[in-house]
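Take a look at the structure below.
What follows is calculated from the coordinates using simple rules that are stated; it is not laboratory data. Note that this is a predicted model, so its numbers are computed, not measured. Virtual Cβ from ideal backbone geometry, glycine too; neighbours counted across all protein chains shown.
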Amino acid sequence: MILQSIKKEFILVFSDLHSVAVLLIMPVIFMLIMTFAMSERQDDMTQNIQIEFKTNSEFEQTLFAQYLAQFGYQIGPKIPKASANLVLQPNLKQQLFSGLNNALIQIEFESSTSPAIQALINQHVQLAFARLKLHLYMLDTEEISESLPLDKQMALINLQTDTSAYIKITSDHLQLPVVSYSVPSWLIFGVYFIVLPISLTLLNEVQNCTLIRLKTFPVNLQHYFLVKLLAFYLFSLGQFILLSLIGWRLIPLLVDLPPVPYNQICQLVCTALVVSLAAVSFASIIASLVRSFEQAIVLGGGVNIIMAALSGFMVPIDIMPSTLQQIAQFSPMFWSAQLVKGTMYGHFSHEHWISVIYLLVLATISPTISALLFSRRIRGLSWN
């Protein structure tokens, strides 16, 4: 009976194109979009940013424009839809060393310029201005000869301001490609959408009177419900493995990135077992509560989207307000994503083991609650 029930659930899921799209196609599309969005390097990004900058042909203003252009921006005097408009004060050198803290650069951003691009431009403007100030100072002190070609003078300034040799960055996952940061989140997002197939299958069985017929047979309906969850658990495991292969093997090939190495196969399998169990268990509660297809879509899909937003899938969690960061600590999606990231980065910390405990507790409590809700629902069914 167990094998037949599992076979039946698989047939129902794969016969519903909407369920297949939600569980497989949608998370893959999200993975592709986020990977493409994050794969562009900063140098490539700045080449697409235009800055309008009008000079009065002063040496200092022209020199500043050249330093700013080194970051790759498209700079010109007349750019109608530029991301930013720069205005420098005249007699820049005289005011620069006057000791007064007057504003010497005015930046006016286009309304469509995103905060991230504004911060990037502001950072580069400050760095270019710092190089300009050092350049002018070293010319005054004759540490740089005015007889040198301007490009060589700028090369000396760039060398003086290059501090990369003094900084050493150490990170366990530094060498992983950018795809490794977007795939775990959207993989979990897809796995937790198992709530919709479970809910829709249960609603169909209510509407076509399958559950009422089963009440007339010597069948333990709670056992039947748990077998149904087992079938979806196996399906969720397959979904997890398939999305992992697509996310860490196929998508890197599409965006010309190296594949993410599977260094912890055993840990990845254990993670799949725990995460899928938690996802199906959590989904079983919602499936037992909804009473219509509309409720299933709104409640099931809505809860998942809210949890994804709070778990840092759409906005990095480390830039969220502290209140939202605290709320995220109670999200099953957050625990699951942390667990997957810990597995792929090749190390487990104390926080990752705490996530395992939380997910196992959720997987223990949820089926009990959902089984009670399902029994109550069965008792309320009757022939129309």
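Taking the Cβ of each residue in 137, 224, 345 as the centre, tally the other Cβ atoms inside 10 Å and list the residues starting with the fewest.
On the way: 137 13, 224 17, 345 20.
Going from sparsest to densest Cβ surroundings: 137, 224, 345.
Give the span of segment 233-384's Cα atoms along each principal axis, as three whole-Å numbers ordered largest to smallest.
Its Cα atoms span 59, 36, 29 Å along the three principal axes.
Given N residues in segment 42-166, what is Rg(Cα) / (2.2 N^0.38 Å)? Present the calculation step by step, with values, prior to reporting the outcome.
Values: Rg = 14.8 Å, N = 125, 2.2 N^0.38 = 13.8 Å.
For segment 42-166, the normalised Cα radius of gyration comes out at 1.08.
Number of Lys pairs in the chain with C-alpha atoms less than 12 angstrom apart, excluding same-chain neighbours closer than eight positions? Provide the component values of the computation, followed by the final result.
Working: 7/228; 8/228; 54/78; 93/133.
Lysine pairs, 8 or more places apart or on different chains, close enough: 4.
Going highest first, how would you order 289-300, 363-374, 205-216 by mean Cβ packing within 10 Å?
Details: 289-300: 15.8, 363-374: 17.6, 205-216: 13.4.
Those peptides, ordered most packed to least, come out 363-374, 289-300, 205-216.
³J(HN,Hα) across segment 15-28 via Karplus (A = 6.51, B = -1.76, C = 1.60, θ = phi - 60°), whole Hz, x for Gly/Pro?
Going residue by residue, I get 7, 9, 5, 5, 5, 4, 5, 5, 7, 10, 5, 4, x, 5 Hz, with x marking Gly and Pro.
Rounded to a whole number of µm²/s, how large is the Stokes-Einstein D of segment 198-269 at 25 °C and 0.890 mPa s, given Rh as the Kirkwood radius over C-alpha pairs?
Details: Rh = 15.4 Å.
Reported coefficient: 159 µm²/s.
For a protection proxy built on the mean count of beta-carbon atoms within 10 angstrom, sort 69-76, 241-248, 330-337, 317-324 highest first, please. Numbers along the way, then the final one.
Details: 69-76: 17.0, 241-248: 18.9, 330-337: 23.1, 317-324: 10.8.
Top to bottom by mean Cβ count within 10 Å: 330-337, 241-248, 69-76, 317-324.
Given the peptides 274-287, 144-157, arrange them by the average over their residues of other C-beta atoms within 10 Å, most packed first.
Numbers: 274-287: 25.4, 144-157: 13.1.
Top to bottom by mean Cβ count within 10 Å: 274-287, 144-157.
How big is the gap, in Å, between the Cα center of segment 286-300 and the Cα center of segment 179-245?
13
Beyond 37 Å, what share of the Cα-Cα pairs of the chain is found? Please give it as a whole percent. Could the numbers behind the result be given before it?
Values: 31537 of 73536 pairs.
Here the long-distance tail beyond 37 Å is 43 percent of all Cα pairs in the chain.
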